[in-house]
Amino acid sequence: MAGRTGIFIQARANSSRLPGKIFERLQPDRADSSVLETIYRRLSGMPHSTCVVLVPDNDPQLRDWCQQRGLQAFAGSEHDVRDRYRKAAARFGVDVIVRATGDNPCVDPEIAAASVQLLRKEQGADLMAYANLPLGIAVEVFRRSALDSDVISATLPHREHVSLHIKHNPDRFRVDHRDHFLTPPRGTAALPRLTVDTPQDLAVVRRVFAELGSDFRTRDVLELYRQRPELFAENANVAQRTFEAVSA
């Protein structure tokens, strides 16, 4: 029998490039359309799962804001986000974790559910994430046993980036990154940017919600991008932050 899945959405109010972005409303006619509420609503319907916002323990206002809006919240270390995930996994008794972030209101619950199913089916896989999707659509899914492993020293990058120790130890863990069937092979076509990290990103995502409503899927976004690419032009040149690649 399959265990329980934890859908953990890491969020903070003091993002550097767009402070307070998780509170920004995406649809002017919906009071509950903030970025964070939208992510929670899109992911919380997955079966056999618990959806929780993981907030820094030095921001009780954010925790209270979540709880006032019916979003289950769990507080943990501000800087050691990996530890925040580990303690949440223990608190909620999950064996598989979906890692989502407060940047991505276009996250696709169907792709998240498919990622969980694939990880559970592939017994040898420790982490699964679809590649070559628009940035902001996919999630990472990994096993709690891999999350809890201490095979690498707790350097700052490995504490800040939850699953980095899994990716940096290919001799110990198996990472499954595969192209999704909705998109062409990597490098053959441009894809829209659907994360929210800058004012330009927020403007583009608001246009997507204005055109498609609040319950769209990736195929709908890709069709909109094909028909009206001008809607996505404003943030096309925004540089995404990166961190150290997987070691050889």
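Remarks
- One residue from V116, V139 being closer than 30 Å to L212 by Cβ and touching a helix residue (DSSP H, G or I) at 6+ places or on another chain (Cβ under 6 Å): V139
- Selection within the stretch 234-248 - surrounded by 12 or more Cβ atoms within 10 Å (Cβ to Cβ) and modelled with pLDDT of 90 or more: E234, N235, A236, V238
- Scanning the stretch 105-118 for residues that are free of Cβ contacts under 8 Å to residues at least 40 places away in the same chain and surrounded by 19 or more Cβ atoms within 10 Å (Cβ to Cβ) turns up just one, S115.
- Of all the numbered requirements in (1) within 21 Å of I22 (Cβ to Cβ); (2) open to solvent by 40 Å² or more (accessible area, probe 1.4 Å), L71 misses one, and that requirement is (2).
- The stretch 189-209 residues that are basic (K, R), paired with ones that are open to solvent by 10 Å² or more (accessible area, probe 1.4 Å) and not in a loop (DSSP other than H, G, I, E, B) (beta carbon under 6 Å, 6 or more apart): R193/L135; R207/L231
- The stretch 14-38 - residue that is open to solvent by 60 Å² or more (accessible area, probe 1.4 Å) and in contact with a strand residue (DSSP E or B) (Cβ under 6 Å, 6 or more places away or on another chain) and, of those, farthest from G70 (Cα to Cα): R25
- Those residues of the stretch 183-199 which are modelled with pLDDT under 80 and out of contact with any Ser or Thr (no Cβ under 8 Å at 6 or more places or on another chain), in sequence order: T183, P184, P185, R186, G187, T188
The values are calculated or read from the model by the stated rules, or taken from the named source; none is laboratory data. Since this is a predicted model, take the numbers as computed values, not measurements. Counting neighbours? That spans all protein chains shown, and the Cβs are built from the backbone with ideal geometry, glycine included. What goes into the accessible areas is simple: the full protein's heavy atoms, side chains included, and nothing from ligands, DNA or RNA. Shrake-Rupley method; radii C 1.70, N 1.55, O 1.52, S 1.80 Å.
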